[in-house]
Amino acid sequence: MSRDLTRPLNISFYCGLSVLFIGTLFKVQHWPGGQMLFMLGLILELFYGILAMLEMATSTIASMSSKVLWLSLFVAGATAVLFSMPLIAFAGFIFLMGNAYNKRGRYYFVRKKGKYDDIEFDSIDVHVRD
């Protein structure tokens, strides 16, 4: 992808997660406004998920198998947790999945190739990309 999505991804993930956890707290305590905060947090996390999946799908660096793995984990994991677990577990899953992608997964999709990544050791000639 030509644009750097680091800042929008981080803002949407951490702001959405904060609102989601506060909304969950409000819902558990039966305070007014909990449903609205929870839905706002889910919308922000949905925006994060769309940006992350767009970044995965348009990556020219990652292999197809890693793209399929991450995309299926985002979609199937969130759907399964949403329909089978309580709200706090769903918010926890979003936290774990988002952190895993932000800290380790993005490296496989947006890293820049190093100077020596294209070295071939099959022949006597060494090909270094300039």
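Numbers below:
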read-out	value
Hits in the stretch 38-73 - residues which are not small (Gly, Ala, Ser) and not in a helix (DSSP H, G or I)	Thr58, Thr60, Ile61
Some residue of the stretch 27-35 being β-branched (Val, Ile, Thr), surrounded by 13 or more Cβ atoms within 10 Å (Cβ to Cβ) and more than 21 Å from Leu73 (Cβ to Cβ)	no
Tabulated pairs, the stretch 50-72, first farther than 19 Å from Ser12 by Cα and touching a residue at least 60 places away in the same chain (Cβ under 8 Å), second of a type outside the set (Val, Ile, Thr) and exposed (fewer than 13 other Cβ atoms within 10 Å of the Cβ), C-beta under 7 angstrom, 6+ apart or interchain	none
Among residues of the stretch 7-34, those that are among the β-branched types (Val, Ile, Thr) and free of Cβ contacts under 8 Å to residues at least 24 places away in the same chain, counted	2
Conditions (1) touching a Phe, Trp or Tyr at 6+ places or on another chain (Cβ under 7 Å); (2) surrounded by 13 or more Cβ atoms within 10 Å (Cβ to Cβ); (3) at pLDDT 85 or above; number of the one not met by Leu82	(3)
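The values are calculated or read from the model by the stated rules, or taken from the named source; none is laboratory data. Quantities reported herein were computed from a predicted structural model and do not represent experimental measurements. In this analysis, Cβ positions are derived from the backbone assuming ideal geometry, glycine residues included, and neighbour counts consider all displayed protein chains.
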